[in-house]
Amino acid sequence: MIGKEIRLEQIMDRNTGRAVIIPMDHGFTMGQIEGLCTMTETVNAVSEGGANAIVLHKGMVKGGHRKSGKDIGLIVHLSASTSMNPDPNDKVLVCTVEEAVALGGDAVSIHINLGAPNESRMLESAGEVVRDCNRWGIPLLIMIYPRGKGIDPTSPQAIGHCVRVAEELGADLIKTNYTGNPETFRRITAACSVPVMIAGGEKGGDTETLTTIRDAIDAGAAGVCMGRNAFQRDDPAGFIAAISRVVHEGKSASEALETER
């Protein structure tokens, strides 16, 4: 599908085959959180930092359209839930692939929680989205995690299962948790034909976060898909620039931070 190939180059670096993607869909889930109250300013900072793409819900696309500055890829997120839901892990579709195309999206993304009570419905919805993505030639990023009662979210077996489910569904990119260990994560990426990116989670220390990213890259990760851990920094542009040096240039955490200084 040449359409998918062309659009993938809008959200990934064609030379490294990797990407720094900044999801900014958290407002739907968590409300007016730090970093997402002035969307245009945050998108500007993320873009200036060198991120390859951002993830937005359909209603925020207009606010993220800056009309100047660096180009940045747009991924429209199709699924959602809120933190006030008795089951926040229950993700439902709130947008379609066709709507994303009309909004100018370069790709779409969906969220699946394996092990959650409504896993079956999320998988069924994913199948519908894959069909529409193939029809329109739109790349699909599947964000998939092991989340349920008694499930270890960093278990290599569980994360490997998530990656396999996304691959078998027809994902073009996969975002999931990092196992915390390069050796176990390398086995997961080596067994998958689709680029696998790691999630960022809540904000951590600069060196700690960049070291984790470097370990994941060395283990075959195709980059990072990192939200709060990036846009909630005091200097998001500077930190994202450091992330980009790790992902695309192979810098160590210390080298990436030293360059920034």
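Here is how the numbers come out for the structure above:
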| quantity | calculated |
| --- | --- |
| Residue among N44, N85, N229 with the largest mean-square fluctuation in a Gaussian network model of the chain, springs linking Cα atoms under 10 Å | N85 |
| Cleavage-rule hits, GluC sites (Glu not before Pro), region 1-93, DSSP coil, Cβ neighbours within 10 Å at most 13 | E34 |
| At most 14 other Cβ within 10 Å, DSSP loop - GluC sites (Glu not before Pro), region 172-215 | E202 |
| Whole-number Å³ per residue for the convex hull built on Cα positions in region 1-53 | 101 |
| Rounded if a/c under 1.5, otherwise prolate or oblate - the chain, Cα gyration tensor axes | rounded |
| Residue-span extension gain [E124 to R66] - 0.36 nm each, minus C-alpha spacing | 17.3 nm |
| Share, in percent, of DSSP beta bridges within the chain that are antiparallel, nearest 5 | 5 |
| Three-way shape label, region 119-193, alpha-carbon gyration tensor, a/c 1.5 | oblate |
| Shape category assigned to region 99-246 from the gyration tensor of Cα positions, a/c cut at 1.5 | oblate |
| Spatially near lysine pairs across the chain, Cα under 17 Å, sequence gap of 8 or more or different chains | 4 |
| Solvent exposure ordering (accessible area, 1.4 Å, most first) of M12, M24, M84, M30 | M84, M30, M12, M24 |
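The values are calculated or read from the model by the stated rules, or taken from the named source; none is laboratory data. Keep in mind that what you see is a predicted model, and the values were worked out from it rather than measured. All Cβ positions, even for glycine, are placed from backbone atoms using ideal geometry, and neighbour counts span all protein chains on display. Areas reflect the complete protein model, heavy atoms only, side chains present, ligands, DNA and RNA absent. Shrake-Rupley method; radii C 1.70, N 1.55, O 1.52, S 1.80 Å.
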